[in-house]
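Chemist: A single structure is presented below for examination.
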Amino acid sequence: MSDGYEQLAETVREVEELRSESGLDRASVFNMQELSFHTSLPEADIRRLLDGERVESPRTGPADLARRIAFLRETRLTVDKDTGGRRQYTTAEIAAGSGMTTQWHGKLLNRSTPNIWHGAGLAKFFDVPIEYFTHTPPEAVKRVLDSKVIPYLTSFLKNPSEAVKNRHAMQIQLRLGNKELPPNLEKALMAFVDAITRESSGF
């Protein structure tokens with residue numbers, strides 16, 4: 001059975017070909033922060049994987065499952081209704097949203113259970129694919145390149161005049177994907193972008 005490294009190498013070559021054709025810089029296409037966000041892997045490991053090196057596979061079982069869930073809690077934040085600020089989801093919110101008891105979710109975080117019976121619920125709650133919890137490092141990076149980076153580059157090459165070229169705008173587009181924002185967040189985001197545009201234009 002393949003360990004995923006050969007398949008990742010093939011995908012990286014495909015991305016490099018598309019990137020070269022598009023004229024985009026490598027840092028914009030292989031954005032370490034975004035790849036880490038979608039895989040839970042350290043940026044240093046992602047760099048090594050993209051360069052064709054091997055990395056130490058994470059421990060299997062409850063310890064790694066707990067790590068991946070903890071990463072989601074740290075990076076997928078919600079808006080606090082009282083303060084309007086960003087905060088982590090509580091254990092109770094995650095448990096209710098993913099169809100498990102608070103006690104069972106606590107077991108997952110405390111690494112005391114060897115399997116994941118609520119993977120689909122957790123994946124839906126945090127808006128990640130179920131493979132997020134099971135993929136090896138090379139499989140995880142390949143998944144993100146296939147699902148986000150290659151489609152963006154393909155779209156860019158088809159309609160370069162309409163594509164986003166600014167690196168930071170690309171990061172926002174890659175992260176949001178096709179996700180629909182609530183009206184209040186969409187309005188806030190557009191106001192922020194308008195303010196940046198005015199400042200950069202000198203108006």
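Chemist: Take the residues in segment 28-37 that are open to solvent by less than 50 Å² (accessible area, probe 1.4 Å) and in a helix (DSSP H, G or I); name whichever of them is farthest from ALA140 (Cα to Cα). Steps first, answer last, please.
Modeler: Within segment 28-37, the subset open to solvent by less than 50 Å² (accessible area, probe 1.4 Å) is 28-32, 34-37.
Among the residues that remain, those that are also in a helix (DSSP H, G or I) are: 28-29, 32, 34-37.
Working: SER28: 19, VAL29: 16, MET32: 13, GLU34: 12, LEU35: 9, SER36: 10, PHE37: 11 Å.
Looking at the filtered set, the residue picked out is SER28.
Chemist: Scan segment 77-89 for residues that are hydroxyl-bearing (Ser, Thr, Tyr), touching a residue at least 12 places away in the same chain (Cβ under 8 Å) and open to solvent by 50 Å² or more (accessible area, probe 1.4 Å) and jot them down. Working first, answer last.
Modeler: So in segment 77-89, the residues hydroxyl-bearing (Ser, Thr, Tyr) come out as 78, 83, 89.
Those still in the list that are touching a residue at least 12 places away in the same chain (Cβ under 8 Å) too: 78, 89.
Passing the criteria: only TYR89.
Chemist: Looking at VAL15, VAL29, which one is at pLDDT 95 or above and at negative phi? Even if it seems obvious, please write down each step before you answer.
Modeler: Values: VAL29 fails: at pLDDT 95 or above.
After ruling out the rest, the residue left standing is VAL15.
Chemist: Further question: Wholly within segment 38-102, which helices (runs of 4 or more DSSP H) include no fewer than the required count, namely at least 3 residues that are among the small types (Gly, Ala, Ser) and out of contact with any His (no Cβ under 6 Å at 6 or more places or on another chain)? Quick ask: steps written out before the conclusion?
Modeler: Details: elements: 43-50, 62-75, 91-98.
Fully inside segment 38-102 and qualifying: 62-75, 91-98.
Chemist: Of all residues in segment 45-76, count the ones that are modelled with pLDDT of 90 or more and open to solvent by 60 Å² or more (accessible area, probe 1.4 Å).
Modeler: Of the residues in segment 45-76, 7 are modelled with pLDDT of 90 or more and open to solvent by 60 Å² or more (accessible area, probe 1.4 Å).
The values are calculated or read from the model by the stated rules, or taken from the named source; none is laboratory data. The shown structure was predicted, so the numbers you read here are calculated from the model rather than taken from an experiment. Using ideal geometry, Cβ is built from the backbone for each residue, glycine included, and neighbour counts are taken over all protein chains shown. All accessible areas refer to the heavy atoms of the entire protein, side chains included, with ligands and DNA or RNA removed. Shrake-Rupley method; radii C 1.70, N 1.55, O 1.52, S 1.80 Å.
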